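The values are calculated or read from the model by the stated rules, or taken from the named source; none is laboratory data. In this text, all values refer to a predicted model and were calculated from it rather than measured experimentally. No Cβ is skipped: glycine too gets one built from the backbone with ideal geometry, and neighbour counts run over all protein chains shown. Only protein heavy atoms, including side chains, enter the accessible area calculation; ligands, DNA and RNA are left aside. Shrake-Rupley method; radii C 1.70, N 1.55, O 1.52, S 1.80 Å.
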Amino acid sequence: MENTTVKAKKSIGSLIVGEWNTKTIVAIAIGAALYGVLMVYGGIPIFTNTQLSVAMIIPVVVGGLFGPLPALVCCGVGNVLADLIGGWGMWFDWSIGNAIMAFCVGLLPVYGARITEGIFSVKHAIIYAVCCILGNVIAFGVITPIFSYLLYASDLNITFLQAFAATLGNSAVLIIIGIPILILLAKRYKARSNLSQDKTGEY
Amino acid sequence: MNNKLVINFIPGKTTLHKMAGSTKVLLFVLFTIAIIATFDMRVLLPLMVVPFAAIVSMKPNYKPLIFLFAFMIVTVGIIGTVMLLVVSPDVGLTHVGSHTEILQVSDRLYVTSETLWYVLVTFTKRIASFATVIAFVLMTTPSEFASGLSFLRLPYKVCIIVSLAYRTIPDIARRFIDIRNSMQMRGVELNSKRTSLGKRLKYTGAMLVPLIISSFGKVETIANAMDLRGFGRLKKRTWYAEHELTRADRIARAFSAVFAAAILFYILYTKFLNPYPVTMWCPFVKLENITKVNVFDTLFFLKWFR
């Protein structure tokens, strides 16, 4: 029993950083690879140049299971890898933006949606949706344009239009596909975790 | 899809392939910084030629490269330019500092020679960065990449993440294609012409679940295998891919030291000592004719509030 109460009172700092053991590292690596592959090959084109990137699901899963900082590293590395295999040159402005967006999306354990223990309620879903939209707006509306302008002297009007499209598309994917996947994952973990301590042996 | 992947997993035979991973990563980072730092056509052109020479010297399979190159020219070059001309045709004024119309279609649609110069410079920049990436990807294997990153003093756990992710990409790509084929065999239509957007989103979700679960299902196995080999016990580790420096390595290291000093001097000189009034140097705009424009005045949505 003591063990569970200690587990419940994790500080926010440790929740943000997450546990950096071998399992986390491997999960981040595989998440980054998935992100890279889906970013390059798994888009659903809407117009020319704009697509709903399904890759946005990966930070949700990594963030839900391991915390925001792993999600940030996963997305940052994944985006750099996507640039490497996609062969459209390095776009560090978007990598940084995506990493920050992933951090906001991966905040799940911080506000109490512990997927690994099967906890994900309607309240958490609403906070999650708000976090997704806010994260997208901060990452693509503020940070990416700043870096775009400084590093590549991109035209800000175009960058803002692209950021607007990206925000809409990402938020749609994050909410429409993300919430069902989170519910599914929580159910899977709950099915495994409803073991109770056997008290019959205690006399 | 496998033909499209340019990632290299087998150590090659040319001089550039035989260099140590640390040198490759060092050169890649320096070239990327240099390309980001400059907007000067006179500096960008040599920076573009060197990676292309490196690509040619490695004698790669040109088929996927030509596909990528064509893709890049269509998206960044043609679509990007058309979008730019439609959305903000006067971007040349902001970055080059002058306004000379050469073609007027309507009140909001015109072409200035400065905008064309801006397009040319940014496109050269993109091409240079593209060539650097391709050259790096062609010459580096995942473990060399990781050892090189650790040479740059990154924590080795991050290096392992990068190398593991880089190495898993083909596996995941294969699994993705398997799942997509089996889904299509069961009647899931992913063609954009025959299904609506909502349905495609639903199907993609249905395709993602097995991909994510089967990929993350491997995590435990790999993590256990790494734990059994003592991963993460010590603060440092050595790299199998790192070898003694060859002659090419020594030359490249000396070159990169000079190159780094040159980049530092260039940034200091152009940003602080002798700043050019606008972002880009242009051969047909004289220094005394340059007009400076505040960037925030060009933003279309700020105009609505005035």
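Testing B:ALA248 on (1) in a helix (DSSP H, G or I); (2) more than 30 Å from A:GLY178 (Cβ to Cβ); (3) open to solvent by 50 Å² or more (accessible area, probe 1.4 Å), one condition comes back false. Which one is that?
So B:ALA248 meets the others, but not (3).
May I ask you to list the residues in region B:168-208 that are within 8 Å of another protein chain (Cβ to nearest Cβ) and open to solvent by less than 40 Å² (accessible area, probe 1.4 Å)?
Of everything in region B:168-208, those that are within 8 Å of another protein chain (Cβ to nearest Cβ) and open to solvent by less than 40 Å² (accessible area, probe 1.4 Å) turn out to be B:THR168, B:ILE169, B:ILE172, B:ALA173, B:PHE176, B:ARG200, B:LEU201, B:THR204, B:GLY205, B:LEU208.
Condition first: free of Cβ contacts under 8 Å to residues at least 12 places away in the same chain and at the interface with chain A (Cβ under 7 Å from one of its Cβ atoms). Now tell me which residues in region B:223-246 satisfy that.
Once the filter is applied, which keeps residues that are free of Cβ contacts under 8 Å to residues at least 12 places away in the same chain and at the interface with chain A (Cβ under 7 Å from one of its Cβ atoms), region B:223-246 yields B:ALA223, B:MET226, B:ASP227.
Please go through region B:79-95 and give me each residue that is farther than 20 Å from B:ASP107 by Cβ and more than 10 Å from chain A (Cβ to nearest Cβ), ordered by number.
If the condition is that a residue be farther than 20 Å from B:ASP107 by Cβ and more than 10 Å from chain A (Cβ to nearest Cβ), then B:THR81 is the only one that fits.
Can you name the condition, by its number, that B:GLY217 falls short on among (1) modelled with pLDDT of 75 or more; (2) open to solvent by 60 Å² or more (accessible area, probe 1.4 Å); (3) not basic (Lys, Arg)?
The number of the failed condition is (2).
Does any residue in region B:114-131 that is under 14 Å from B:VAL76 (Cβ atoms) come within less than 6 Å, Cβ to Cβ, of a residue that is open to solvent by 10 Å² or more (accessible area, probe 1.4 Å) and among the β-branched types (Val, Ile, Thr) six or more places away or on a different chain, and which pairs are these?
These pairs meet every condition: B:VAL119/B:THR81; B:ARG126/B:VAL76.
Testing B:ALA20 on (1) in contact with a Leu (Cβ under 8 Å, 6 or more places away or on another chain); (2) open to solvent by 50 Å² or more (accessible area, probe 1.4 Å); (3) more than 30 Å from B:ASN289 (Cβ to Cβ), one condition comes back false. Which one is that?
With (1) in contact with a Leu (Cβ under 8 Å, 6 or more places away or on another chain); (2) open to solvent by 50 Å² or more (accessible area, probe 1.4 Å); (3) more than 30 Å from B:ASN289 (Cβ to Cβ) applied to B:ALA20, the lone miss is (2).
Of everything in region B:87-96 that's β-branched (Val, Ile, Thr) and part of a helix (DSSP H, G or I), which residue is most open to solvent (accessible area, probe 1.4 Å)?
The selected residue is B:VAL87.
Any residue at all in region B:97-119 that's at positive phi, within 13 Å of another protein chain (Cβ to nearest Cβ) and open to solvent by less than 30 Å² (accessible area, probe 1.4 Å)?
Yes, because at least one residue in region B:97-119 is at positive phi, within 13 Å of another protein chain (Cβ to nearest Cβ) and open to solvent by less than 30 Å² (accessible area, probe 1.4 Å).
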